[in-house]
Amino acid sequence: MLIKERLFTPGPVPLPPQVIKALGQQIIHHRTPEFTQIFNDVRQKLQKLLKTERDVIMFASSGTGAMEASVLNFFKKKDKVLVINAGKFGQRWKELGTTFELNVIDYQIEWGKTYSKEKIEEIVKENPDIKGIFVQQSETSTTTYHDVKFLGEISKKLDDCLLVVDGITSVGVYEVYPEEIGIDVLVTGSQKALMLPPGLAVLYFSEKAEKRLSTSDIPKYYFDVAKEAKKQENGQTAYTPAINLIIALNESLNLILDEGLPQLAKRHEIMAEATREAVKEIGLKLLSESPANSATGVYAPEGINADDLRKQLLKIGFRVAGGQDHLKGKIFRIAHMGYFDFNDVIQVIAGLELALAKVGYPVELGKGVKKAQEIILKNI
Ligand SMILES: Cc1ncc(COP(=O)(O)O)c(C=O)c1O
């Protein structure tokens with residue numbers, strides 16, 4: 001029987017036809033006016049996306065490259081920094097910090113939970129010399145949302161502290177305006193809500209962060225923000241850029257800006273709510289106490305291995321992600337960021353019901369679908 005595979009993983013996500021078309025074009029050379037024109041267009045659109053007039057730079061790398069650049073360029077060895085470590089990617093901030101010899105305060109949080117404001121206030125009171133706060137706005141491994149606005153306020157009150165936000169699964173899902181929120185360094189990657197293949201990373205830095213560029217003493221070569229920023233403000237990159245991804249980004253940014261950021265954020269909110277309410281209606285438990293709108297993490301029912309359930313889902317036509325590290329086999333994650341609409345949510349919930357029935361869970365077919373439809377109906 002023909003079964004079409006549908007991608008519901010939290011990165012990479014499906015590509016819009018406009019992006020596929022752009023990627024299918026013959027390559028152009030990057031040291032040309034033609035490329036510079038496109039590159040400058042993309043830079044302006046990124047500024048609109050983040051509501052800023054500051055230059056936003058791009059690296060040919062996955063998102064982790066821009067995370068590494070954030071550590072290398074805006075800090076000095078031994079700088080005391082606070083890491084909100086609530087999942088796989090919070091752990092990555094910690095590892096990057098320790099690799100480059102920062103003095104990391106590792107605030108470990110149970111996976112599926114967000115930080116406590118009181119605890120942050122306590123840490124900051126005891127450590128007024130903190131030079132940076134590192135966080136994920138959307139921690140993809142646990143599908144958890146962390147409130148970055150509060151951290152922005154905390155950071156501003158400190159003497160000389162930068163708020164560094166991994167927006168890899170929040171930019172293009174929420175309205176993320178660093179200057180309104182108080183974010184000093186914001187990174188994102190191409191294979192999530194920017195709706196592209198992997199290989200392009202984006203980095204915003206504030207005026208306050210810019211002042212740190214000259215004092216940072218951590219060795220760097222490729223991920224040199226000052227060098228890149230200087231080149232990129234003239235429509236070029238220091239090294240060979242991800243040409244086709246940048247051309248395709250022009251298309252996906254058109255889609256995002258045409259939809260409008262408030263509408264885009266609302267669409268993600270509705271898709272996330274419909275998914276969450278539907279899985280709860282089916283009788284399953286959500287992983288996160290502070291769920292993000294990018295993806296939904298769900299515990300497999302008692303006695304059923306989440307990876308067996310995922311295999312069943314794949315047979316039915318849905319590729320969802322599993323749990324990472326100690327959540328492996330326990331949870332599965334359904335993405336709804338980027339090129340997804342309401343119908344995708346209805347489809348994946350219908351598929352989940354079929355897969356659950358196949359693995360022997362007593363599911364009433366259509367119950368979750370109905371719930372998702374009710375939520376969608378209220379919003380369209
Ligand atoms: C929140 C978050 N941070 C960092 C990363 C790492 O990005 P990359 O795999 O593009 O290096 C991911 C990827 O899943 C992510 O979701």
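The values are calculated or read from the model by the stated rules, or taken from the named source; none is laboratory data. Worth saying up front: this structure is predicted, and the values here are computed from it rather than measured. A quick note on method: Cβ atoms are made from the backbone with ideal geometry, for glycine too, and the neighbour counts reach across all protein chains shown.
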Handout entry: Number of the condition not met by Ile282 [criteria: (1) among the hydrophobic types (A, V, I, L, M, F, W, C); (2) within 16 Å of the ligand (Cβ to nearest atom); (3) touching a Gly at 6+ places or on another chain (Cβ under 9 Å); (4) assigned by TED's automatic domain parsing to the domain that holds Phe332]
Key = (2)
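Residues checked against (1) outside any helix (DSSP H, G or I); (2) without any contact (Cβ under 8 Å) to a residue 12 or more places away in the chain; (3) loosely packed, with under 15 Cβ neighbours inside 10 Å:
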| position | (1), (2), (3) |
| --- | --- |
| Lys208 | no, no, no |
| Thr215 | yes, no, yes |
| Tyr239 | yes, no, yes |
| Ile247 | no, no, no |
| Ile256 | no, no, no |
| Ala278 | no, no, no |
| Ser288 | yes, no, no |
| Asn293 | yes, no, no |
| Gly303 | yes, yes, yes |
Fill in the blank from the handout: Those residues of the range 92-113 which are touching a strand residue (DSSP E or B) at 6+ places or on another chain (Cβ under 6 Å) and within 16 Å of the ligand (Cβ to nearest atom) amount to Trp93, Lys94, Gly97
Exercise for the section: Name the one entry in Lys117, Lys156, Lys131, Lys149 that is more than 16 Å from the ligand (Cβ to nearest atom), touching a residue at least 40 places away in the same chain (Cβ under 8 Å) and within 24 Å of the chain's Cα centre (by Cα). Expected result: Lys131
Problem - Among the residues listed as Lys311, Lys315, the single one being surrounded by fewer than 16 Cβ atoms within 10 Å (Cβ to Cβ), among the basic types (Lys, Arg) and either in contact with a Lys or Arg (Cβ under 6 Å, 6 or more places away or on another chain) or free of Cβ contacts under 8 Å to residues at least 40 places away in the same chain (or both) - result: Lys311
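Per-residue answers, yes or no, for (1) acidic (Asp, Glu); (2) under 21 Å from Ala209 (Cα atoms); (3) at pLDDT 95 or above; (4) surrounded by fewer than 23 Cβ atoms within 10 Å (Cβ to Cβ):
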site: Ile28; (1), (2), (3), (4): no, no, yes, yes
site: Gln44; (1), (2), (3), (4): no, yes, yes, yes
site: Val81; (1), (2), (3), (4): no, yes, yes, no
site: Ile84; (1), (2), (3), (4): no, yes, yes, no
site: Leu102; (1), (2), (3), (4): no, yes, yes, no
Handout entry: Qualifying positions in the range 332-372 - of a type in the set (Gly, Ala, Ser) and under 26 Å from Thr188 (Cβ atoms)
Key = Ala335, Gly338
Practice task
Kindly list the number of the only condition in (1) over 29 Å from Ala355 (Cα atoms); (2) touching a residue at least 40 places away in the same chain (Cβ under 8 Å); (3) surrounded by fewer than 22 Cβ atoms within 10 Å (Cβ to Cβ) that fails for Gly260.
Solution key: (2)
Practice task
Starting from residues that are aliphatic (A, V, I, L, M) and surrounded by fewer than 23 Cβ atoms within 10 Å (Cβ to Cβ), keep the ones in the range 321-354 and report whichever is farthest from Leu253 (Cα to Cα).
Solution key: Leu354
Problem - Among the candidates Phe342, Phe318, residue that is of a type outside the set (Gly, Ala, Ser) and in contact with a strand residue (DSSP E or B) (Cβ under 9 Å, 6 or more places away or on another chain) - result: Phe318
Practice task
Filter the range 34-89 down to residues that are within 16 Å of the ligand (Cβ to nearest atom) and in a loop (DSSP other than H, G, I, E, B), then give me how many there are.
Solution key: 5
Practice task
Mind listing whichever residues of the range 180-207 are in contact with a strand residue (DSSP E or B) (Cβ under 9 Å, 6 or more places away or on another chain) and away from the ligand (no atom under 14 Å from the Cβ)?
Solution key: Ile181, Gly182, Ile183, Asp184, Tyr204, Phe205, Ser206
